[in-house]
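Step one of this worksheet: look at the structure below.
The values are calculated or read from the model by the stated rules, or taken from the named source; none is laboratory data. Source: prediction; values computed, not measured. For neighbour counting, all protein chains shown are included, and Cβ atoms are generated from backbone atoms with ideal geometry for every residue, glycine included. In case anyone asks, the SASA skips ligands and DNA or RNA and just uses the protein heavy atoms, side chains included. Shrake-Rupley method; radii C 1.70, N 1.55, O 1.52, S 1.80 Å.
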Amino acid sequence: MTALEFKPKLFSTLKHYDRKQFTTDLLAGIIVGIVALPLAIAFGIASGVTPEKGIITAIVAGLIVSVFGGSKVQIGGPTGAFIIIIYGIIQQYGFEGLTIATLLAGVFLILFGVLHLGTIIKYIPYPIVVGFTSGIALTIFTTQIKDLLGLTMASVPSDFIEKWIAYVGAFPTIDAWSAAVGIASVVIIASWQKVSSFRFPLSSFLRKLPGSLIAIILMTVGALLLKQYAGITTIETIGDRFSISSQLPGAQVPELTWDVVKALVSPAITIAILGAIESLLSATVADGVIGDRHNSNTELIAQGIANLASPIFGGIPATGAIARTMTNINNGGRTPVAGIVHAAVLLLIFLFLMPLAQYIPMACLAGVLVIVAYNMSGWRSFFSIMKNPKSDVIVLWVTFLLTVIFDLTVAIEVGLICACLLFMRRMAETTDVKVISQEINPEEESSDFQLGNLEHLTIPDGVEVYEINGPYFFGAGNKFEEIMGALRHQRQKPRVRIIRMRKVPFVDSTGIHNLTNLCLMSQGEGIQVVLSGVNPKVEAVLHRAGFDKMLGHENICSHINEALERARQLS
């Protein structure tokens with residue numbers, strides 16, 4: 001059994017840590033903490049919970065991921081990818097249901113790491129990742145229209161199409177001031193990097209600040225001034241919708257019942273898979289920038305611990321955040337200490353400045369999430385996949401539409417099923433079966449071993465030779481049966497049937513079943529089957545299945561010369 005692979009990067013980096021690196025990590029951590037603040041608030045509110053729960057998640061998960069993670073620079077916290085699934089769970093099961101689902105997801109993530117599934121998760125098909133990421137982005141954008149434009153609506157439908165129908169009906173109720181704040185926020189965030197690149201006093205400092213924070217500061221001050229001096233009271237703020245608390249919550253473990261656990265296993269697995277994909281993708285991107293290599297299984301275990309701790313303190317699901325991780329790298333962060341500092345900065349802000357969050361306009365937060373949705377959409381990747389084979393396009397659109405119209409759980413499940421089916425179809429297409437008549441072409445035998453004298457490769461009378469190229473599983477087995485069925489009516493019945501398997505890298509249980517049926521059918525017709533060129537791995541599988549006893553060990557030959565000689569003896 002493989003040993004547990006849990007080697008947090010923090011402990012290895014501290015062996016050669018110095019004051020210079022600490023100074024760099026401290027600055028990077030402070031900046032990342034500032035960047036994470038508006039995002040944590042926005043993600044919390046958009047997920048259907050209070051803003052402080054978003055910050056608590058960033059604090060708890062950010063600390064744990066940095067202390068126990070398998071990446072030097074990964075920053076953990078709430079992300080936009082979870083918004084839709086969190087909102088759906090809360091609507092159906094309440095916040096307690098979300099807490100239980102997050103705890104279960106934490107357990108699944110730890111199991112992923114313990115079972116060394118970190119490298120496997122990376123191979124989830126790219127069209128699935130792009131499909132549900134783009135679908136999430138569109139859904140996030142859709143959920144923010146009400147706050148972005150200040151629409152007056154009694155309730156917002158949960159269904160995507162019904163939601164847009166309701167928006168069109170409520171369009172006459174747009175609040176001009178809220179819409180101005182929302183649109184201005186989008187413009188500021190989108191153009192901040194260009195504006196901050198100009199040279200003016202403090203430009204070097206302001207360039208390090210995120211556009212989302214600048215937009216929140218400007219729009220909050222602007223909304224306060226409009227309310228104080230112009231009597232504009234229609235701009236809804238966080239304080240109008242939530243009561244803000246800066247008190248740290250105590251640890252609470254929800255009551256677990258078997259019925260609730262069973263109901264929440266499916267969304268918990270979705271949270272775990274999504275968290276694993278996003279965190280490992282973020283770590284992989286970071287590796288390419290800093291020239292390091294993360295430990296994927298350690299990272300999954302750390303993500304699992306984070307998702308066990310976060311809900312106990314009132315938080316929501318968390319994972320590695322690509323944008324914050326890149327901010328960390330770009331500002332000099334090179335060890336997990338920067339992530340720890342980021343969590344400490346958020347904690348200080350939460351304890352001393354949290355009450356100020358009540359003045360932030362909801363339209364401004366909606367603008368922040370509109371930019372998040374745009375960055376998540378990956379529209380360039382989406383359209384580039386449209387040029388790929390039809391199977392990739394089908395998986396992309398199925399995953400995308402299911403994410404938008406239904407939910408992420410269904411999208412991931414169906415998307416993976418479609419990808420698996422299409423993969424099996426492609427594998428079946430790569431395997432071909434050909435019939436060799438009269439003699440074997442020596443020019444095609446360079447890869448075979450122990451060929452001996454090539455003049456002995458003439459096929460004797462009464463012998464048929466078939467060659468399988470590629471994996472031998474159910475698709476190839478069916479193809480083989482079809483070819484043999486067609487030839488049965490065209491040729492005289494042979495006495496020996498040689499099946500060359502030198503290019504068969506593996507065989508599954510269905511392939512063994514098909515081979516067994518072929519041998520039994522041939523024996524019933526008085527035809528002996530001889531296998532040629534069976535590699536050691538395939539032969540071991542056949543041996544474990546007892547196939548060699550049924551066929552006869554002497555009829556499983558290592559190369560074609562031996563098989564032809566055996567055929568001469570039998571014929």
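Structure values in brief
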quantity: Residue count, segment 223-246 (criterion: open to solvent by 50 Å² or more (accessible area, probe 1.4 Å) and aliphatic (A, V, I, L, M)); calculated: 3
quantity: Residue in segment 129-147 that is more than 28 Å from residue 269 (Cα to Cα) and open to solvent by 20 Å² or more (accessible area, probe 1.4 Å) present; calculated: yes
quantity: Selection from segment 356-378 of residues that are over 16 Å from residue 218 (Cβ atoms) and of a type in the set (A, V, I, L, M, F, W, C); calculated: 369, 370, 372, 373, 376
quantity: Residue, farthest from residue 339 (Cα to Cα), within segment 286-302, restricted to residues that are assigned to a helix (DSSP H, G or I) and acidic (Asp, Glu); calculated: 287
quantity: Any hit, segment 101-111, residues being touching a Ser or Thr at 6+ places or on another chain (Cβ under 6 Å), open to solvent by less than 60 Å² (accessible area, probe 1.4 Å) and not hydrophobic (A, V, I, L, M, F, W, C); calculated: no
quantity: Number of the condition not met by residue 533 [criteria: (1) touching a Pro at 6+ places or on another chain (Cβ under 7 Å); (2) buried (at least 21 other Cβ atoms within 10 Å of the Cβ); (3) not β-branched (Val, Ile, Thr)]; calculated: (1)
quantity: Some residue of segment 380-395 being within 15 Å of the chain's Cα centre (by Cα) and without any contact (Cβ under 8 Å) to a residue 12 or more places away in the chain; calculated: no
quantity: Unmet criterion (only one of (1) assigned to a loop (DSSP other than H, G, I, E, B); (2) over 32 Å from the mean Cα position of the chain (by Cα)) for residue 209; calculated: (2)
quantity: Residues of segment 116-174 classified as in a helix (DSSP H, G or I), charged (D, E, K, R) and touching a Leu at 6+ places or on another chain (Cβ under 8 Å), total; calculated: 1
quantity: Number of the condition not met by residue 346 [criteria: (1) closer than 19 Å to residue 143 by Cα; (2) over 19 Å from the mean Cα position of the chain (by Cα)]; calculated: (1)
quantity: Residue that is modelled with the lowest pLDDT, among those in segment 308-347 that are farther than 29 Å from residue 87 by Cβ and in a helix (DSSP H, G or I); calculated: 330
quantity: Residue within segment 395-416 that is open to solvent by 30 Å² or more (accessible area, probe 1.4 Å), modelled with pLDDT of 75 or more and more than 30 Å from residue 162 (Cα to Cα) present; calculated: no
quantity: Qualifying residue in segment 42-59 (condition: out of contact with any Leu (no Cβ under 7 Å at 6 or more places or on another chain), surrounded by 23 or more Cβ atoms within 10 Å (Cβ to Cβ), within 20 Å of residue 214 (Cβ to Cβ) and not small (Gly, Ala, Ser)); calculated: yes
quantity: Selection from segment 193-210 of residues that are under 27 Å from residue 56 (Cβ atoms) and either free of Cβ contacts under 8 Å to residues at least 60 places away in the same chain or open to solvent by 80 Å² or more (accessible area, probe 1.4 Å) (or both); calculated: 208
quantity: Test: residue in segment 312-333 that is over 30 Å from residue 215 (Cα atoms) and either open to solvent by less than 50 Å² (accessible area, probe 1.4 Å) or of a type in the set (D, E, K, R) (or both); calculated: yes
quantity: Filtered residues of segment 351-394 (kept if in a helix (DSSP H, G or I), open to solvent by less than 80 Å² (accessible area, probe 1.4 Å), out of contact with any Cys (no Cβ under 9 Å at 6 or more places or on another chain) and among the polar types (S, T, N, Q)); calculated: 358, 377, 381, 384
quantity: Only listed residue being over 19 Å from the mean Cα position of the chain (by Cα), open to solvent by 50 Å² or more (accessible area, probe 1.4 Å), at pLDDT 95 or above and basic (Lys, Arg), chosen from 7, 72, 15; calculated: 72
quantity: Residue count for segment 504-520, restricted to those that are touching a Pro at 6+ places or on another chain (Cβ under 9 Å), more than 12 Å from residue 542 (Cα to Cα) and of a type in the set (A, V, I, L, M); calculated: 1
quantity: Condition met for residue 463 (touching a Leu at 6+ places or on another chain (Cβ under 9 Å), at pLDDT 85 or above and surrounded by 18 or more Cβ atoms within 10 Å (Cβ to Cβ)); calculated: yes
quantity: Yes/no for residue 168 being under 28 Å from residue 219 (Cβ atoms), of a type in the set (Val, Ile, Thr) and at pLDDT below 90; calculated: no
quantity: Matching option when the condition is assigned to a helix (DSSP H, G or I), touching a residue at least 24 places away in the same chain (Cβ under 8 Å) and within 20 Å of residue 47 (Cβ to Cβ), among 269, 214, 305; calculated: 269
quantity: Residue 263 vs. criteria open to solvent by 10 Å² or more (accessible area, probe 1.4 Å), part of a helix (DSSP H, G or I) and under 30 Å from residue 154 (Cβ atoms); calculated: yes
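For every residue, the table says whether it meets (1) among the aliphatic types (A, V, I, L, M); (2) assigned to a helix (DSSP H, G or I); (3) touching a Lys or Arg at 6+ places or on another chain (Cβ under 7 Å).
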{"residue": "531", "(1), (2), (3)": "yes, no, no"}
{"residue": "534", "(1), (2), (3)": "yes, no, no"}
{"residue": "537", "(1), (2), (3)": "no, yes, no"}
{"residue": "540", "(1), (2), (3)": "yes, yes, no"}
{"residue": "548", "(1), (2), (3)": "no, yes, no"}
{"residue": "561", "(1), (2), (3)": "no, yes, no"}
{"residue": "564", "(1), (2), (3)": "yes, yes, no"}
{"residue": "567", "(1), (2), (3)": "yes, yes, no"}
